[in-house]
Each structure stands twice: as structure tokens, then as C-alpha cells.
Amino acid sequence: MSKQKLIDEIKTRAVKRGDFTLASGRKSSYYLDLKLAYTEPSVLKAITEALREGAQGLDVDRVAGMELGAVPLAVALSLELDVPFVIIRKEKKGYGAAKRFEGEINEGENILLVEDVVTTGGSVGQAVDVIRGAGGRCSRAITVIDRLEEGKENLQKINIDLTSILTIRDLEL
């Protein structure tokens, strides 16, 4: 799928207009529900190919994604790269082992973090804290869409290099 076709699919399927409060707490006149786009196999395939291209040349031992939106992306990319994946929880479970992640993170492993949409980078920062707290190394994140609201700059402060497949400008929002 071409980049323009991917943009068109996302605009058609994932862009919702109205009054929204984002995960960052910011208000917005539009919401990007990327799950509505990538549940379509052709869109998920195109996103996965773009994520794979973004990961080229990187030393990746494992892929991680924050629940819920990034999990299918992490799974798809892990299959492409043939490396395990980790699911990062937003909060500890209130039962069982009460872990902040599912899967394994081994000391010194290079973890590539994937995200569906980045606004301020807060969710990525939380996931990075979990990864680093478990002994993993994380210095790179790839997002499908960067809303261009200082996420990249905020992540640079915690030594995370953010790569985006698309930005909000590509979607003309």
C-alpha cells in the first residue's frame, strides 16, 4: 500500500471529529482511533511494513507496546523481525503477580517500543520507565502518528529517539 493510500485509509477510518480529552489530558477537536484503521488487515500490513522499515539497522532483542493500542502493532512487528514481544501495562494488575508487563525483559536487552499515536510522549515515557526498571535498554520508539505536540522533544529529554511513520501534517489535520 502506498503512503498516500495509508493516509487515506487512516483519515477515512480513524479520524473522529468532536470534543475530546486525550490521554495527555489535552483537549482536541479530533481524535485518532487508530484501532479502527489497523483492524483492517491491509492497513495493519501496511503499518507493519512501515514499522519494519523504521526498525531497519537497529539492534532489537524484543519489541514492546503499551496496552491497548500498541499491542497489535508490537505483535505484528515482532513477527516481522522474528523477535519476542512484551506488553506493557498502564497499571499493575490488582491480582496475581501484579506485574507491569507481560512477557520477559532480560537485563541489557535492547527493546524497541512501538506506539500508535504520540501526543506529548507521556505514555511512551511510562513504558520506557517500566522497561528500564526491569533491566532492559530502550533508546528508540516508533509511532504510527506523531501529533506534533512536543512528544518528540519530551522524549529526547529521557534519551528516546522517536521515529514516526506519519505526522498530523500528513493527515492535514
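The values are calculated or read from the model by the stated rules, or taken from the named source; none is laboratory data. A quick note: this is a predicted structure, and the numbers were derived from the prediction, not measured. Cβ sites come from the backbone with ideal geometry, for glycine too, and all protein chains shown count toward neighbours.
Contact map, the stretch 38-58: first residue closer than 14 Å to Val117 by Cα, second residue aliphatic (A, V, I, L, M) and surrounded by 12 or more Cβ atoms within 10 Å (Cβ to Cβ), Cβ cut-off under 6 Å, separation 6 or more or different chains; pairs are Tyr38/Leu44; Tyr38/Ile47; Ile47/Val144; Leu51/Leu77; Leu51/Ile142.
Conditions (1) modelled with pLDDT under 95; (2) out of contact with any Asp or Glu (no Cβ under 8 Å at 6 or more places or on another chain); (3) in a helix (DSSP H, G or I), marked per residue:
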{"residue": "Lys92", "(1), (2), (3)": "yes, yes, no"}
{"residue": "Ala97", "(1), (2), (3)": "yes, yes, no"}
{"residue": "Gly108", "(1), (2), (3)": "no, yes, no"}
{"residue": "Val124", "(1), (2), (3)": "no, no, yes"}
{"residue": "Arg140", "(1), (2), (3)": "no, no, no"}
{"residue": "Asn154", "(1), (2), (3)": "no, yes, yes"}
{"residue": "Asn159", "(1), (2), (3)": "no, yes, no"}
{"residue": "Leu162", "(1), (2), (3)": "no, no, no"}
{"residue": "Asp170", "(1), (2), (3)": "no, yes, no"}
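Farther than 21 Å from Ser24 by Cα, aliphatic (A, V, I, L, M) and assigned to a helix (DSSP H, G or I): does that describe Ala76? So that I can check it myself, show each step before the final result.
Details: farther than 21 Å from Ser24 by Cα: yes; aliphatic (A, V, I, L, M): yes; assigned to a helix (DSSP H, G or I): yes.
So Ala76 passes the test.
Considering the conditions (1) crowded, with 22+ Cβ neighbours inside 10 Å; (2) free of Cβ contacts under 8 Å to residues at least 12 places away in the same chain; (3) not small (Gly, Ala, Ser), Gln156 is excluded by exactly one of them, (1). Residues in the stretch 17-34 that are over 15 Å from Leu166 (Cα atoms), of a type in the set (D, E, K, R) and surrounded by 11 or more Cβ atoms within 10 Å (Cβ to Cβ): Arg26 only.
The residues of the stretch 35-49 that are touching a strand residue (DSSP E or B) at 6+ places or on another chain (Cβ under 9 Å) and either assigned to a strand (DSSP E or B) or surrounded by fewer than 20 Cβ atoms within 10 Å (Cβ to Cβ) (or both), listed by number, are Lys35, Leu36.
Of all residues being in a helix (DSSP H, G or I) and not hydrophobic (A, V, I, L, M, F, W, C) in the stretch 1-29, which is nearest to Arg147 (Cα to Cα)? Just the residue, please. Steps first, answer last, please.
Filtering the stretch 1-29 for residues in a helix (DSSP H, G or I) gives 3-14.
Restricting the remaining residues to those that are not hydrophobic (A, V, I, L, M, F, W, C) gives 3-5, 8-9, 11-13.
On the way: Lys3: 17, Gln4: 18, Lys5: 19, Asp8: 17, Glu9: 17, Lys11: 14, Thr12: 17, Arg13: 17 Å.
Selected residue: Lys11.
Let's see how each residue does on (1) of a type in the set (Val, Ile, Thr); (2) touching a strand residue (DSSP E or B) at 6+ places or on another chain (Cβ under 8 Å); (3) free of Cβ contacts under 8 Å to residues at least 24 places away in the same chain:
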{"site": "Lys99", "(1), (2), (3)": "no, no, yes"}
{"site": "Asn110", "(1), (2), (3)": "no, yes, no"}
{"site": "Asp116", "(1), (2), (3)": "no, yes, no"}
{"site": "Thr119", "(1), (2), (3)": "yes, no, no"}
{"site": "Ser123", "(1), (2), (3)": "no, yes, no"}
{"site": "Ala127", "(1), (2), (3)": "no, yes, no"}
{"site": "Glu149", "(1), (2), (3)": "no, no, no"}
